[in-house]
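First comes the structure, then the notes that go with it.
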Ligand SMILES: [Zn+2]
């Protein structure tokens, strides 16, 4: 029986078998409803069934709660954690003084991404906000200036860097009974060029050790992920591959997210003394990160230019020049799923050519161009002998925002390197063990298992049962009591 009005609401999570879904946790304490993350999940098709699209958290629960949202705190700027926030305006779920809390880099990059979504969307997409809503939303940002404690409405919250991406953070929340609850967000414990791995709980101040976990990161808790190679080995293999292809006079296109992966790869190349070009919003977000270092885990980004060897692709004609001169080079570009932005131009020009190599580096949602490309080359590993079949139908959008299809033969080489910015399932288990040890062997009161496919969440729920009195798979619509 629910004996007070302090509750948790799982608004986010997957709604089909293949996707991870958006992150969005409602925390109602002392009559105030706050959200931790408010994202959009990727799905293979949008409402019209034409191209990959997104879906938000299930906010229908809010009608029954009968409250508007007081604050939203973001763990980091990735769309599955932030992109639904401007839609709260469209749904009239925000109040006049509702605040959006994030690290400075989170806030600066989110603003750009929300604008970008608005610019790129057509009426088919139904993103749920317009320009006025966007202006309201960006006016709500408050900066979490540095790691440590801050007051968010009536909640005392502690921000602790979590090693996932630039300025990403976990939150530790004090409950009315004095318990501590951890909202982990996405987290990684291995060092990436852009951000060092997170610290383990045994190194945290004793008073921060959580009694419960309200959200975690099950992104890689499905399939056979725990026997994966370590990140450093995958990075070394990627660098060796790039060097080999440069020696073969190839133009190598690294396909990466603009929000971390792209910048991290550029820094990996710089460390290996391989000059590279960066394109798309990797460029502007690089500068934003450079100016908004938040914690000791965030590595300083080198200035662009001769010294670092990291240079910007200036514009469309410069991009054409770099492709047409035929000289071996590395270009790091967006979008990571291959559906829009400069990658479409690289695909159109480079896929039919022998001197191009395409390297996707991120998790790929079903139905995206990049995943279709990988499936195609799995079926037809070489161009020779498969000339009639090694073709891809690229789905994209033209300048008039009409969905279009382009058919392109795939002569170029394609190879995936998964450079993960998430902990493995093994890391998650170690995190729990380390936390219990730090608590003197005392198991947690509760773990909500979240942010993965249904398969990953159920795997986590079973494996974590030894670490808590109560393990709850965090599926949409779950309501729990807080004391
Ligand atoms: Zn993320």
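The values are calculated or read from the model by the stated rules, or taken from the named source; none is laboratory data. None of these values were measured; they are calculated from a predicted model. FYI the Cβ positions are ideal-geometry reconstructions off the backbone, even for glycines, and counts take in every protein chain you see.
A few remarks follow.
- Criterion violated by residue 390 - all others in (1) away from the ligand (no atom under 16 Å from the Cβ); (2) within 27 Å of the chain's Cα centre (by Cα); (3) crowded, with 18+ Cβ neighbours inside 10 Å satisfied: (2)
- Sole exception among (1) farther than 28 Å from residue 328 by Cα; (2) within 16 Å of the ligand (Cβ to nearest atom) for residue 291, by number: (2)
- Pair list, Cβ under 6 Å, 6 or more apart: the range 70-83 residue in the same structural domain as residue 166 (by TED's automatic domain parsing) and within 15 Å of residue 164 (Cβ to Cβ), other residue more than 10 Å from the ligand (Cβ to nearest atom) and at pLDDT below 95: 79/40; 80/22; 80/41
- The range 245-264 - residue that is within 16 Å of the ligand (Cβ to nearest atom) and either in contact with a strand residue (DSSP E or B) (Cβ under 7 Å, 6 or more places away or on another chain) or free of Cβ contacts under 8 Å to residues at least 12 places away in the same chain (or both) and, of those, farthest from residue 193 (Cα to Cα): 256
- Verdict on residue 69 being closer than 22 Å to residue 109 by Cβ, more than 16 Å from the ligand (Cβ to nearest atom) and at pLDDT 90 or above: yes
A quick yes/no check of all residues on (1) in contact with a helix residue (DSSP H, G or I) (Cβ under 7 Å, 6 or more places away or on another chain); (2) in the same structural domain as residue 162 (by TED's automatic domain parsing); (3) buried (at least 17 other Cβ atoms within 10 Å of the Cβ):
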residue: 237; (1), (2), (3): no, no, no
residue: 241; (1), (2), (3): no, no, no
residue: 247; (1), (2), (3): no, no, no
residue: 254; (1), (2), (3): yes, no, yes
residue: 258; (1), (2), (3): yes, no, yes
residue: 261; (1), (2), (3): no, no, yes
residue: 267; (1), (2), (3): no, no, yes
residue: 278; (1), (2), (3): yes, no, yes
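- For residue 311, the criteria (1) out of contact with any helix residue (DSSP H, G or I) (no Cβ under 6 Å at 6 or more places or on another chain); (2) more than 16 Å from residue 270 (Cα to Cα) hold in every case but one, which is (2).
- Taking the range 276-391 and the helices (runs of 4 or more DSSP H) fully enclosed by it, the elements with 1 or more residues that are modelled with pLDDT of 95 or more and under 24 Å from residue 75 (Cα atoms) are at 282-291.
- Matching residues, the range 208-224, being more than 16 Å from the ligand (Cβ to nearest atom) and at pLDDT below 90: 222, 223, 224
- Residue ranges of strands (runs of 3 or more DSSP E) in the range 88-194 with at least 2 members more than 16 Å from the chain's Cα centre (by Cα) and surrounded by fewer than 19 Cβ atoms within 10 Å (Cβ to Cβ): 94-102, 141-143, 148-152
- Residue match in the range 197-207 (condition: within 27 Å of residue 362 (Cβ to Cβ), more than 16 Å from the ligand (Cβ to nearest atom) and either buried (at least 24 other Cβ atoms within 10 Å of the Cβ) or modelled with pLDDT under 95 (or both)): no
- Residue within the range 168-175 that is touching a helix residue (DSSP H, G or I) at 6+ places or on another chain (Cβ under 7 Å) and closer than 30 Å to residue 265 by Cβ present: no
- Any chance residue 148 is in the same structural domain as residue 58 (by TED's automatic domain parsing), free of Cβ contacts under 8 Å to residues at least 24 places away in the same chain and more than 16 Å from residue 166 (Cα to Cα): yes
- When restricted to residues that are under 27 Å from residue 472 (Cβ atoms), touching a residue at least 60 places away in the same chain (Cβ under 8 Å), part of a loop (DSSP other than H, G, I, E, B) and touching a strand residue (DSSP E or B) at 6+ places or on another chain (Cβ under 9 Å), the range 195-239 contains 8.
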